[in-house]
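Reading through the structure tokens given below for one structure.
The values are calculated or read from the model by the stated rules, or taken from the named source; none is laboratory data. None of the values given here were measured: they were computed from a predicted structure. Cβ atoms come from the backbone with ideal geometry, glycine included; neighbour counts cover every protein chain shown.
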Amino acid sequence: MSEARKPGLLRRIVGGLWWSLDQSRRLAANLIFLLLLVWMLAALVKDGPTLKQRTALVIAPSGALVEQFSADPASRAVSRALGEDVQEVQLRDVLRAIDAAREDERIERIFLRADGLTSAGMASLREISAALRAFRAAGKQVVAYADGYDQRQYLLAAAADEVYLHPAGALLLEGLARYRPYYREGLQDKLGVDVHLFKVGEYKSAAEPYILDAPSPEAAEADRFWMTDIWQRYLAEVAEARELSAETLAANIDRLPERLAEVGGDLAKLALAEGLVDDLKTQDQIRQLMIERGVEDEDGHTFRQVSMEDYLARIDQSNPDFGEGDRLAVVVAQGEIVFGEPPPGQVGGVSTAALIRRAREDENVRGVLLRVDSPGGGVFPSEQIRREVELTREAGKPVVVSMGDVAASGGYWISMNADTIIADPSTITGSIGIYGLWLTVPRTLEKIGVRVGGTGTTRFAGAFDPSRPLDPAVGQVIQSVIDQGYRDFIGKVADARESTPEAIDQVARGRVWSGAQAHERGLVDRLGGLAEAEAELAELTELEKGSYRLVYIEPELDPFQQFIANLGGNSRLAALFGASGLATALAPKLGQQVAADLAWLEALGQRPLGAFAHCLCEL
């Protein structure tokens with residue numbers, strides 16, 4: 001036999017590189033395994049000391065108050081471990097913590113810091129405020145403190161027994177307003193873009209920014225009407241909480257320059273003089289006050305306390321969900337309603353419909369609570385979701401809709417077939433109307449010396465090419481689609497509300513209402529929040545309180561994602577792996593608004609025959 005040939009130089013080099021790569025892969029895999037093992041062991045360790053008597057629950061929401069997070073649990077867990085946690089807090093978590101603490105004899109009081117809250121709707125704020133008042137009614141105390149309050153943060157603070165403000169801080173009540181950019185001159189005069197609007201309803205103002213330079217008289221009238229209702233409710237609730245007069249509060253806002261001059265331009269002193277806060281204290285002074293009211297912690301540096309996150313983790317550990325017994329399912333529809341299966345933060349026609357269907361097909365689920373916080377969006381995905389609501393009721397499972405901050409236009413479309421619609425008095429709803437928007441750019445192309453020409457086999461071949469002028473006959477086609485969409489909308493509302501299309505048309509035509517105004521006009525069955533919606537669903541399903549579990553139906557994670565998500569809830573892991581603490585730079589508000597508006601305009605242009613039920617009505 002001949003001697004085996006020695007591999008050539010090139011083959012040996014390639015082989016060596018492959019061996020090195022393989023060893024590196026194995027090393028990386030082993031390191032990842034060891035890291036996960038450490039995480040698992042840490043997760044199994046009891047998370048923190050036992051909760052003791054006379055503990056204060058610290059509620060300090062940071063970032064935006066939302067119905068559901070804008071990232072999936074696994075992604076949030078990884079971000080949290082890296083010190084890059086998304087600044088959001090779920091409304092349900094705040095309410096759950098306050099409700100549990102009300103019955104927990106170990107929790108003596110709530111210490112509220114609302115100044116980290118960056119955005120929140122009025123309806124959500126009122127739900128938290130009501131929970132705080134219920135906590136106080138149980139004989140427990142709420143103390144609020146902040147370095148400074150805006151008027152939304154202050155609505156929460158006003159529900160406390162005592163409200164404190166830093167001496168160098170500020171509190172400013174200013175009222176409600178809606179001001180936004182209008183693009184007609186920039187788009188049409190400057191860029192040469194022709195924007196064609198097709199709609200039904202003189203109050204349907206969602207697309208006005210693209211065709212006007214300012215709000216139409218109808219839009220201004222409607223906005224003023226519902227905003228005034230919400231603002232008067234705000235003043236009344238603050239006045240009642242602080243034992244003041246709503247008229248005095250309103251007058252003080254109008255007299256702000258004179259009132260501020262009287263205290264030497266000091267906004268903190270002005271808040272104290274007007275009775276909006278009880279005293280001005282620095283952080284060390286409020287810490288000492290809380291120590292005197294409660295118990296000093298083991299280190300002797302502050303008062304005995306537990307954060308909302310750690311408190312909820314303890315609640316979850318003591319009440320594991322084994323997936324058995326009767327359930328009431330909650331499906332959250334928050335954000336714009338779009339086609340398909342979008343990421344968290346939007347409502348997908350396919351994905352949200354699938355969640356409702358999953359709840360319907362679960363034999364343990366007795367009824368569905370659909371929590372809607374949406375300004376609407378596409379008609380077709382809205383109809384996909386509405387149909388699943390209808391099928392769920394036909395299957396014998398009641399559906400109750402709880403409207404959050406906004407449930408307008410498409411948000412109302414997906415709500416209308418529920419057994420019961422419940423809205424907060426300050427919910428923004430209605431906007432029952434349809435519109436379509438089509439952009440053509442031949443004038444824009446002419447500005448750079450470009451002309452478009454050609455031929456087609458029929459009159460409408462190429463008619464929806466945006467580089468060509470809009471044929472009036474094409475406009476007639478689009479308007480016909482919009483008219484039919486509106487008839488369908490009010491017809492479905494009439495059937496659902498046991499009314500007539502003519503009667504619904506009188507309160508529709510794109511007009512926006514507050515929850516209280518919608519209730520007066522028969523678009524909403526009852527006024528209330530999540531608690532009232534849960535009670536209504538329990539009654540419809542004939543379930544007693546305590547005999548069922550309330551579960552949120554959300555997109556399912558694969559086993560690895562679930563593992564990472566579970567680890568992310570462990571505070572020791574967060575302390576172990578959190579490092580950077582770098583703040584995310586935020587774009588100016590106006591820049592964000594313009595970017596969002598132009599992105600929406602681009603999305604509209606992709607569907608020339610698309611009908612939209614959308615409301616630009618958030619505060």
- Failed condition for residue 287, given (1) surrounded by 15 or more Cβ atoms within 10 Å (Cβ to Cβ); (2) under 27 Å from residue 172 (Cβ atoms); (3) of a type in the set (D, E, K, R); (4) in contact (Cβ under 8 Å) with a residue 24 or more places away in the chain, with all others met? (4)
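Scan region 276-328 for residues that are out of contact with any Gly (no Cβ under 7 Å at 6 or more places or on another chain), closer than 28 Å to residue 365 by Cα and not polar (S, T, N, Q) and report the count. Spell out how you get there, then give the answer.
Step one: list which residues in region 276-328 are out of contact with any Gly (no Cβ under 7 Å at 6 or more places or on another chain), which gives 276-302, 305-309, 311-312, 314-327.
Pick out the ones that are also closer than 28 Å to residue 365 by Cα and you get 309, 311-312, 314-327.
With not polar (S, T, N, Q) added as a condition, the list becomes 309, 311-312, 314-316, 320-327.
Total satisfying the criteria: 14.
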- Message: So residue 201 passes all but one of these: (1) assigned by TED's automatic domain parsing to the domain that holds residue 64; (2) on the phi > 0 side of the Ramachandran plot. Which condition number does it fail?
- Response: (1)
- Query: When you go through (1) over 26 Å from the mean Cα position of the chain (by Cα); (2) assigned to a loop (DSSP other than H, G, I, E, B) one by one for residue 342, which number turns out not to apply?
  - Reply: (1)
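Give me a count of the residues in region 294-339 that are part of a loop (DSSP other than H, G, I, E, B), of a type in the set (A, V, I, L, M, F, W, C) and more than 30 Å from residue 546 (Cβ to Cβ).
Going through region 294-339, the residues part of a loop (DSSP other than H, G, I, E, B) turn out to be 294-295, 297-302, 304, 319-326, 335-336, 339.
Among the residues that remain, those that are also of a type in the set (A, V, I, L, M, F, W, C) are: 295, 322, 339.
Keeping just the survivors that are more than 30 Å from residue 546 (Cβ to Cβ) gives 295, 339.
Matching residues across region 294-339 total 2.
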- Query: Within region 295-344, can you find the residues that are without any contact (Cβ under 8 Å) to a residue 40 or more places away in the chain and of a type in the set (Phe, Trp, Tyr)?
  - Reply: 322
- Query: Looking at region 362-385, which of the residues that are out of contact with any helix residue (DSSP H, G or I) (no Cβ under 6 Å at 6 or more places or on another chain) and within 13 Å of residue 331 (Cβ to Cβ) is surrounded by the fewest Cβ atoms within 10 Å (Cβ to Cβ)?
  - Reply: 362
- Query: Being modelled with pLDDT of 95 or more, β-branched (Val, Ile, Thr) and either outside any loop (DSSP other than H, G, I, E, B) or more than 23 Å from residue 532 (Cα to Cα) (or both), is that true of even one residue in region 70-88?
  - Reply: no
- Residue under evaluation residue 500, criteria (1) modelled with pLDDT of 95 or more; (2) out of contact with any helix residue (DSSP H, G or I) (no Cβ under 9 Å at 6 or more places or on another chain), criterion not met: (2)
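Take the residues in region 510-552 that are over 19 Å from residue 229 (Cα atoms) and touching a Pro at 6+ places or on another chain (Cβ under 7 Å), then tell me which one is surrounded by the most Cβ atoms within 10 Å (Cβ to Cβ). Steps first, answer last, please.
Step one: list which residues in region 510-552 are over 19 Å from residue 229 (Cα atoms), which gives 530-552.
Remaining after also requiring touching a Pro at 6+ places or on another chain (Cβ under 7 Å): 537, 540-541.
On the way: 537: 29, 540: 17, 541: 18.
Here the residue is 537.
Looking at region 425-472, which of its residues are in a loop (DSSP other than H, G, I, E, B) and among the charged types (D, E, K, R)? Don't jump to the end; show me each part of the working.
As a first pass, look at region 425-472 and keep what is in a loop (DSSP other than H, G, I, E, B): 425-427, 431-433, 441, 448-471.
Answer for region 425-472, where residues must be in a loop (DSSP other than H, G, I, E, B) and among the charged types (D, E, K, R): 451, 459, 465, 468, 471.
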- Query: Residues of region 195-240 being assigned to a helix (DSSP H, G or I), in contact with a helix residue (DSSP H, G or I) (Cβ under 8 Å, 6 or more places away or on another chain) and among the hydrophobic types (A, V, I, L, M, F, W, C), which ones?
  - Reply: 219, 225, 226, 230, 235, 236, 238, 239
- For region 259-268, state whether one or more residues are under 21 Å from residue 177 (Cβ atoms), part of a helix (DSSP H, G or I) and without any contact (Cβ under 8 Å) to a residue 24 or more places away in the chain. yes
